[in-house]
Each structure stands twice: as C-alpha cells, then as structure tokens.
Amino acid sequence: MHLNIMKKLLRYLLQGLLYIAPIGITIYILYVIFEFVDGLLKESLDRFIGIHIPGLGLIIIVILLIVIGFLGQTFVARPIKKLFGKLLERIPILKVIFSAFNDLFSAFVGKERKFNKPVLVLVNKSLGLEKLGFLTEEDLSRIGEKDKVAVYLPHSYNWSGELFLVPRELVHPVEVPPAEVMKFNVSAGVADWD
C-alpha cells in the first residue's frame with residue numbers, strides 16, 4: 001500500500017517536472033540573455049546616470065541596432081561598406097570569417113533566406129529511410145555536379161548540421177512551413193506540429 005502511494009507520488013513529481021522544466025528553462029535562458037545584453041552597457045550607464053535602471057542597456061542596444069539597420073539602407077553606409085570591402089580584400093582570413101558569418105545570418109534573417117525550402121531526402125532506399133532538411137542550392141554546375149542539389153540537414157538538439165550533395169531525384173519538397181521543419185528537426189521529432 002505504502003509502496004503504491006510512493007510510486008504514485010513519484011510519478012506525479014516526474015509529471016510536474018515534465019510540465020515545469022521547459023517553462024523554467026525557457027525563462028532562465030531569456031533571463032540570462034537579458035542580463036548579458038543589459039549588462040553590456042551597465043557600468044557605463046550607471047556612471048553616466050548615477051543609478052541602475054534594469055533593462056535600460058537592452059533598450060539602448062535595441063534602439064542602436066535599429067538605427068544602424070536604418071543607416072545601412074541609406075547612402076550614408078555606402079562609403080563605409082566600400083572601405084570595409086577594401087579592408088576585407090587585403091586580409092583574406094578576415095574575409096573568409098566575415099563572409100561565412102554574414103552568409104549564415106543572411107540565411108536565417110536576411111532578404112535571401114536560404115532555409116525556406118523544406119525537403120525530404122531519401123537516405124537509404126532499401127530501408128525507406130528519409131531525413132528532413134532544407135534545399136539551399138539547386139544549381140551546382142560550377143562544381144561540376146549538374147544532377148545534384150545542396151541540402152542542409154540540421155542535427156537534433158544542436159544548432160549545427162551537415163551539408164549534403166544529393167541526387168536531385170532523391171529530394172522531394174515538403175509542404176510545411178520552414179520554421180516547423182526546423183523545430184521538428186532540432187527537437188529530434190518530439191515537437192508538436194502547429
């Protein structure tokens with residue numbers, strides 16, 4: 001009888017953890033990000049204003065990024081972009097690093113988003129094994145691959161993935177929003193479809 005009650009209590013405890021853990025972890029991650037971003041300007045703002053106002057650093061950084069984004073779209077940024085381009089040409093390693101990160105960020109939030117074509121890729125024909133991924137390039141003729149396409153396959157529970165060059169006939173479009181496919185992949189298939 002007591003063992004049965006203990007098992008039930010343990011099951012309720014684990015169920016409670018299952019409900020609260022994702023919420024708690026999400027809140028904690030948001031808090032850490034908030035504290036980090038807000039803390040970037042904390043010392044300077046505290047000296048300048050004389051008191052600490054939680055969130056002021058975050059607000060200033062967001063406003064600053066909006067202003068930089070706006071200025072980047074105007075004629076003011078053209079000479080700066082040219083100067084930066086010349087600097088990149090003179091320091092090849094800097095150019096490689098910058099262009100890699102620039103392309104990565106552009107793939108997620110830029111005008112030319114690359115992870116917007118979800119596909120199923122047949123990985124093992126005899127077993128019918130498939131993976132969800134994103135078609136990132138359809139024309140690979142410049143590397144001599146006319147019958148293949150580039151597909152990015154994200155890893156589960158990780159913000160990494162692998163790029164595969166796949167025969168075109170093994171790739172099939174999926175009519176699901178890209179964000180849902182990414183969420184499904186990253187969660188190892190346990191995320192609910194919205």
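Throughout, read-outs are computed from the coordinates displayed, never taken from laboratory work. Every value quoted in this text rests on a predicted model; they were computed, and no experiment measured them. Ideal geometry is used to build each Cβ from the backbone, glycine not excepted, and the neighbour counts take in all protein chains shown.
Under 5 Å between amide H atoms, partner at least 5 residues away or on a different chain: which partners does Val123 have, H built in plane at 1.01 Å?
For Val123, whose amide H was placed from the backbone, the distant partners under 5 Å are Leu129, Glu130, Lys131.
Given H placed on each backbone N at 1.01 Å, which residues far from Glu137 in sequence or on other chains put an amide H within less than 5 Å of it?
Excluding prolines and chain starts, which carry no amide H, the hits are Ala150.
Using θ = phi - 60° and the Karplus curve 6.51 cos²θ - 1.76 cosθ + 1.60, what whole-Hz ³J(HN,Hα) does each residue of region 148-157 get, with Gly and Pro shown as x?
Along region 148-157, the couplings run 10, 10, 9, 10, 8, 10, x, 7, 7, 6 Hz.
What ³J(HN,Hα) values, in whole Hz, does the Karplus curve 6.51 cos²θ - 1.76 cosθ + 1.60 give for region 64-70 when θ = phi - 60°, with x put for Gly and Pro?
Here the 3J(HN,Hα) series is 4, 5, 5, 5, 4, x, 5 Hz.
Summing -39500 (n - 2.57) over the DSSP H runs of n ≥ 4 in the chain and dividing by its residue number, what mean residue ellipticity at 222 nm do you reach, to the nearest 500 deg cm²/dmol?
-18000 deg cm²/dmol
Quick one: what are the phi-derived ³J(HN,Hα) couplings along region 44-60, Karplus 6.51/-1.76/1.60 with θ = phi - 60°, whole Hz, x for glycine and proline?
5, 5, 4, 5, 6, 8, x, 9, 9, 10, x, x, 5, x, 4, 4, 5
Which of Tyr157, Tyr19, Tyr28 moves most in a GNM of the chain, Cα contacts under 10 Å?
Tyr19
Find, among the GluC sites (Glu not before Pro) in region 142-187, those assigned to loop by DSSP (not H, G, I, E, B) with at most 13 other beta-carbon atoms within 10 angstrom.
Details: sites: Glu145, Glu162, Glu169, Glu175, Glu180; in loops: Glu175.
When the GluC sites (Glu not before Pro) of region 142-187 are filtered for loop state and at most 13 Cβ neighbours within 10 Å, Glu175 remain.
Specify the residue with the greatest mean-square fluctuation among Ile63, Ile29, Ile80, computed from a Gaussian network of the chain linking alpha-carbon atoms under 10 Å apart.
Answer for the Gaussian network model of the chain: Ile29.
Using +1 on the beta carbon of Lys and Arg, -1 on that of Asp and Glu, and nothing else charged, what's the dipole of region 118-186 about the Cα centre, debye to 20?
The calculation lands at about 140 debye.
Taking the convex hull of the alpha carbon atoms in the chain, what volume per residue do you get, in Å³? Show your work: numbers first, answer last.
Details: hull volume 46.3 nm³, N = 194.
Taking the convex hull of the Cα positions in the chain, it is 239 Å³ per residue.
Sequence-distant or interchain residues sharing an amide H contact under 5 Å with Val174, placed H: which?
Val119, Leu120
Given an 8 Å cut-off on Cα distances and at least 6 residues of separation, report the relative contact order of region 118-186 as a percent.
Relative contact order for region 118-186 comes out at 33 percent.
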